[in-house]
Amino acid sequence: MIGIKVEVRGIAEVKKKLAGLSREMQEKVLQPAINKSADKAKAEINRLIPQEFAVKSSEVRNSVDIRKARAGNLQAVIEIFGSAKKRGRSLNLIHFLAAVQAAGQAIKVRGGKGNKRELAALQAQLGFLIKKGGGLKKIEGAFIGNKGRTIFERDTGKQMISRPGKLTKHSQAIKPLQVIGFSQMFNSRRVSSRVIDKINKEMPVEIDRALKMLLARNS
């Protein structure tokens with residue numbers, strides 16, 4: 001999980017604007033401004049990650065929470081988790097399954113459109129589209145299990161015990177194939193820098209808006 005703090009610190013222009021207000025009135029300006037800026041940053045995360053990676057916006061949206069600023073604590077925190085279930089640091093490759101070869105025919109499952117020639121070349125392999133525009137990734141020996149919910153691979157370095165004290169002749173342990181999670185996707189330069197820029201751009205706008213609303217109510 002990654003946490004982004006949204007707060008106002010050391011902005012001379014803001015201090016000047018609020019200088020004539022009591023501390024209570026300043027909080028009434030800053031609290032909604034911080035929370036609105038955090039909401040806009042969350043919307044930017046929901047927009048940018050699906051632009052860069054082959055994931056659904058609904059999955060990203062469910063992996064992001066906001067702890068709102070409140071009186072006495074003028075700081076909002078945007079929390080970005082590894083998955084929509086808000087646990088773990090990465091996603092199983094099933095989220096990026098682009099195509100599967102069955103009975104000699106390429107069948108599109110999810111992800112990008114892909115290239116027909118590239119899909120046909122997959123043969124018995126699974127294809128994964130992780131980053132938009134990055135092409136399909138192919139992993140030898142990957143297979144679908146857990147009733148279609150998980151991608152596994154065989155761990156050739158381990159063997160499974162089929163009954164007490166004995167190894168089956170050719171059995172191997174399997175392990176789920178994990179890849180980056182939403183928090184790591186956010187950490188990519190093209191996403192994180194644009195979200196921070198969004199916060200810095202929107203904060204003064206929201207402070208001005210909140211200040212005008214407060215002065216209008218008290219005029």
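The values are calculated or read from the model by the stated rules, or taken from the named source; none is laboratory data. Every value quoted in this text rests on a predicted model; they were computed, and no experiment measured them. Here Cβ is always computed from backbone atoms with ideal geometry, including for glycine, and neighbour counts include all displayed protein chains.
Worth a mention:
- ASN200 satisfies every condition listed in (1) assigned to a helix (DSSP H, G or I); (2) surrounded by 13 or more Cβ atoms within 10 Å (Cβ to Cβ); (3) of a type outside the set (Lys, Arg) except (2).
- Matching residues in the range 55-72 - criterion: being out of contact with any His (no Cβ under 8 Å at 6 or more places or on another chain) and surrounded by fewer than 20 Cβ atoms within 10 Å (Cβ to Cβ): LYS56, SER57, SER58, ARG61, ASN62, ASP65, ILE66, ARG67, LYS68, ARG70, ALA71, GLY72
- Meets criteria (at negative phi and touching a residue at least 60 places away in the same chain (Cβ under 8 Å)) for ILE2: yes
- Of all residues in the range 175-193, those satisfying the criterion of being part of a helix (DSSP H, G or I) and either surrounded by 14 or more Cβ atoms within 10 Å (Cβ to Cβ) or over 17 Å from the mean Cα position of the chain (by Cα) (or both) are PHE182, SER183, GLN184, MET185, PHE186, VAL191, SER192.
- Scanning the range 205-219 for residues that are charged (D, E, K, R), within 16 Å of SER22 (Cβ to Cβ) and touching a residue at least 40 places away in the same chain (Cβ under 8 Å) gives no hits.
- The range 118-135 residues that are within 16 Å of HIS95 (Cα to Cα) and in a loop (DSSP other than H, G, I, E, B), paired with ones that are modelled with pLDDT under 75 and among the hydrophobic types (A, V, I, L, M, F, W, C) (beta carbon under 7 Å, 6 or more apart): LEU129/ALA98
- Strands (runs of 3 or more DSSP E) completely within the range 8-94 that count 2 or more residues being free of Cβ contacts under 8 Å to residues at least 60 places away in the same chain: 64-67
- Enumeration of residues in the range 184-193 that are out of contact with any Lys or Arg (no Cβ under 8 Å at 6 or more places or on another chain) and farther than 15 Å from LYS5 by Cα: MET185, SER188, ARG189, ARG190, VAL191
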